[in-house]
1. Tell me which of these P669 doesn't satisfy, since it passes every other one: (1) under 18 Å from N693 (Cα atoms); (2) away from ligand 3 (no atom under 16 Å from the Cβ).
2. Counting only residues that are touching a residue at least 12 places away in the same chain (Cβ under 8 Å) and open to solvent by 20 Å² or more (accessible area, probe 1.4 Å), how many does segment 287-306 have?
3. In the set D223, D240, which member is more than 30 Å from V48 (Cα to Cα) and assigned to a helix (DSSP H, G or I)?
4. When you scan segment 655-671, do you find a residue that is under 32 Å from the mean Cα position of the chain (by Cα), more than 16 Å from ligand 2 (Cβ to nearest atom) and open to solvent by 80 Å² or more (accessible area, probe 1.4 Å), even just one?
5. Determine if segment 613-633 includes at least one residue that is over 37 Å from the mean Cα position of the chain (by Cα), among the charged types (D, E, K, R), within 16 Å of ligand 2 (Cβ to nearest atom) and at pLDDT below 90.
6. Of all residues in segment 186-220, count the ones that are over 30 Å from E525 (Cα atoms) and part of a loop (DSSP other than H, G, I, E, B).
7. For G91, work out the one condition from (1) without any contact (Cβ under 8 Å) to a residue 12 or more places away in the chain; (2) in a helix (DSSP H, G or I) it doesn't fulfil.
8. Considering only residues that are in contact (Cβ under 8 Å) with a residue 12 or more places away in the chain and open to solvent by less than 60 Å² (accessible area, probe 1.4 Å), which ones fall in segment 328-341?
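The values are calculated or read from the model by the stated rules, or taken from the named source; none is laboratory data. Note that the structure is a prediction, hence the values are computed from the model and not measured. Quick reminder, even Gly has a Cβ in these numbers, built from the backbone with ideal geometry, and neighbours come from all protein chains shown. These accessible areas exclude ligands, DNA and RNA; they are computed on the full protein's heavy atoms, side chains included. Shrake-Rupley method; radii C 1.70, N 1.55, O 1.52, S 1.80 Å.
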Amino acid sequence: MSKSDKKNLVIVESPAKARTIEQMLGSDFIVKASLGHIRDLPSSGMGVDTTDKFTPAYVVPKDKQKILREIKKANKECSDIFLATDPDREGEAISWHIAEAMGLDVNTVQRVIFHQITPEAVSEAFETPRNLDIDLVNAQQARRILDRLVGYSLSPLLKRKLRWRGSLSAGRVQSVALKLVVERENEVREFIPTEYWSIEVTLHPKAKPQESINTTLHRLGSDKKRISIQTKDEAATIADSISKSSFTVTDISKQKRSRRPAAPFTTSTLQQEGWRKARFGTERTMRIAQELYQGISIGAEGDIGLITYMRTDSTELAAYAQKQARDYIEAEYGAEYLPKAPRNYKTKAKAAQEAHEAIRPTDITRTPATMRTYLNRDQLRLYTLIWQRTVASQMTDAKSETTTTEITAVEPTSKKDYILRNTASATVFRGFTALYTEGSDDEDEDISAPPVSLSAGDALTHVNTEPSQHFTKPPGRYSEASLVKKLEEEGIGRPSTYAPIVSTLVNRDYIERTEGRLTPSKLGETVSALLNEHFPDVMNISFTAKMEEELDEIARGERQWVPMLEKFYSPFATTVSTVLENAPRIDVTTDEVCQDCERPMVIKTGRYGPFLSCSGYPECKATRRIVTTLGVKCPNCEGDLISRKSKRGRTFYGCSNYPECTFISGRRPLPTPCPDCKGLLVAARGERAECSNCDYKGLISELDEEQVAR
Ligand SMILES: [Zn+2]
Ligand SMILES: [Zn+2]
Ligand SMILES: [Zn+2]
């Protein structure tokens, strides 16, 4: 066989992507998958020579040796080799490792880049291969080594300084994320709710007694500021006075509002919206997005990537995608919904050079409806979100008009006057909201019905005055998605690193996920406090953000990676040895108090899992089991339901009056009573709630949010 008859070899990272690309490239190409990194730092030991320019000792792990042999063998039979891994630092590094491990010349090996797996994009990319971008590779190496230095120093340190039998480890970015969760928990714990009252007044126009208008006391007639009522007595006095008043419309003002559509998806906003709209965790969102990106079989057209690359912090759209969206909008919605020019969105995150385009459908004419038969439920859900978000981003603003009606109440005897308000909002033009509206993390939006038509000077009669009590609310705990949002705002983490952060912390038992909300465990709080005390830099948000920026600079070729690591490592290593030598060993403490001597209890781990032990040990040998009250009353008696562990470590729920009361449930009781029978609801699969007493079934998220948040 002459050289020209030989095939070309293409290497990508995953079998699904290999299959899609092989179809597109045709019979002259063989496509092999490396299954991720073929070479990496060793799984045991530091693997980095800190005395010699942080030289990494990369190894080919056992499970990758066979793949490497296969790729090498295929290469012998092929004429040319192309490295076509994903278009970012991680992908660049995978290609570089493959080239190094195969003994190819890393300066001349052909690297192929595409941001979407479509026949056009792939063939164009193969016509214009480039060399490996060593700056991108170095940025990835620097991150990998940095994380290794931190992890391999802090993990043994935790084991020495914490009295804890379970496994302990700490990562660089995860530790900062843990700190954010702990800080939020402290805010929630320290929050003191303040009582306040509002007064709702229902009136009807004298001219139209069959209609009514709901108003709220806004301020005293003599004041400009909104009224604040702290006590029940105060509220009752004012309510009494208002109910004796006469009412006149004194002001009607209208305000127009415009709302812009949200920018096309980045990794972070996709993860946030995946949670808000579909209750997908960040890793699930990324897994589904990867399936859509790597190729789905769509009938006669074969396998094709339905969305662009899902790890990006860019909000830009290709001109042809904007055009497709505009054509669709004009045809389906009409010219009114089409802005004069395509809408462009500024990328917020400081874009590194690999950032290319937002996450969008590769072809907008493939509507969710036409893709329905080719996608599973999750894929369709996410594809629909991406498709709608992309098209909506090219539509006109939504316009609404807010009408504020002010009614003056005058009490005849005291001549006291009160200003009551009704605020109503009406959509004037739907714009992009006809297709898609971004979800909100706090579902507090007030949508009031438009008021009956009134004019200034109209008289009204009193129907009802109702004071109601409120309490200020603590800040909400993070969801996985709102934590990602926070990390992005603070400049910590990058598109490729957001998703595993929470699951890593959950796997380490540092944080717990309850109804999608994140709370730190006692272990997590202790680890966070220990690291915070001794490693203020590593735990500092702006310090970590600055390191991310420096990694971006390395990726852009503006910074050398070895000096960057040196600058970090030498003070860090000094602190590590000082702490190892001087810091005392500590326990995982709790807020619980010893039943015998009133010293605080600490958590110990025994054969059957964690238990509470007196911190006065060995003087006081008191122990007791860990009891978590759920804030739910026992359905059989007056006791509290508590979470307990069986001897095998399974969690179950029982009554605090055990053994007198033998109530037991394997499923977690929920604080909201059954809407049908007021019986006990328990959590079921898929974030559902089921009644233990009747046939009621529902979604936990649809129950009263406030109560479920425990
Ligand atoms: Zn004690
Ligand atoms: Zn009971
Ligand atoms: Zn029920």
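1. Status for P669: all satisfied but (2).
2. First, the residues of segment 287-306 that are touching a residue at least 12 places away in the same chain (Cβ under 8 Å): 288-299, 302-306.
This time we only want the ones that are open to solvent by 20 Å² or more (accessible area, probe 1.4 Å), so: 290-291, 297, 299.
Looking only at that region, the number is 4.
3. Numbers: D223 fails: assigned to a helix (DSSP H, G or I).
Within the list D223, D240, the selection yields D240.
4. yes
5. First, the residues of segment 613-633 that are over 37 Å from the mean Cα position of the chain (by Cα): 614-623.
Narrowing the set further to residues that are among the charged types (D, E, K, R) leaves 619, 621.
Add one more test, that the residue is within 16 Å of ligand 2 (Cβ to nearest atom), and what stays is none.
No, every residue in segment 613-633 fails to be over 37 Å from the mean Cα position of the chain (by Cα), among the charged types (D, E, K, R), within 16 Å of ligand 2 (Cβ to nearest atom) and at pLDDT below 90.
6. 7
7. (1)
8. Kept after step one, since they are in contact (Cβ under 8 Å) with a residue 12 or more places away in the chain, are these residues of segment 328-341: 328-329, 333, 336-339.
Residues satisfying the conditions are Y328, I329, Y337, L338, P339.
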